[in-house]
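Here's the structure we're looking at; comments come further down.
What follows is calculated from the coordinates using simple rules that are stated; it is not laboratory data. Everything numeric in this text was worked out from a predicted model, so none of it was measured. With ideal geometry, Cβ positions are generated from the backbone for all residues, glycine too; neighbour counts draw on all protein chains shown.
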Amino acid sequence: MTTRNINPNLDGEGSIGEDTKRWNSLFVNFINGEPVSNLGVSTVIASNYAGNGSETIIPHGLGVEPAMASVVTKSNPDGYLGEVWVRKDATNVYIGNTGSHTGACDVIIEL
């Protein structure tokens, strides 16, 4: 089995919305020269925490539940981030935090 990068967007940067950045890294497995599955499709979406036990809802547009979703804090919460959770379904990714921090974050979604 071989793996080939078939992403025509070599710089890896595209746009899917005004405040959204998306990076795709699409790999396909080949057995006997035929593609058999997609691997490693990832998307990074800029967002903000909702704070105080609330969730930010981020539509991903994939039509299927992602295999993985995580969040990376982009600004210093100065100790006010609290506990953080991420959940996902076929339509959205939800990020929440118990603290009062409402700063910037990146949500990373992978198929």
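Values for this structure:
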read-out	value
Amide H within-cut-off set for His60, under 5 Å, with H built and near neighbours excluded	Asn92, Val93
Residues whose placed amide H lies under 5 Å from that of Ser100, excluding near-sequence neighbours	Asn52
Cut-off 13 Å between beta-carbons: net charge of the residues surrounding His101, Lys and Arg +1, Asp and Glu -1	-1
Using θ = phi - 60° and Karplus 6.51 cos²θ - 1.76 cosθ + 1.60, couplings along segment 105-111 (whole Hz; Gly, Pro as x)	8, 10, 9, 9, 10, 10, 7
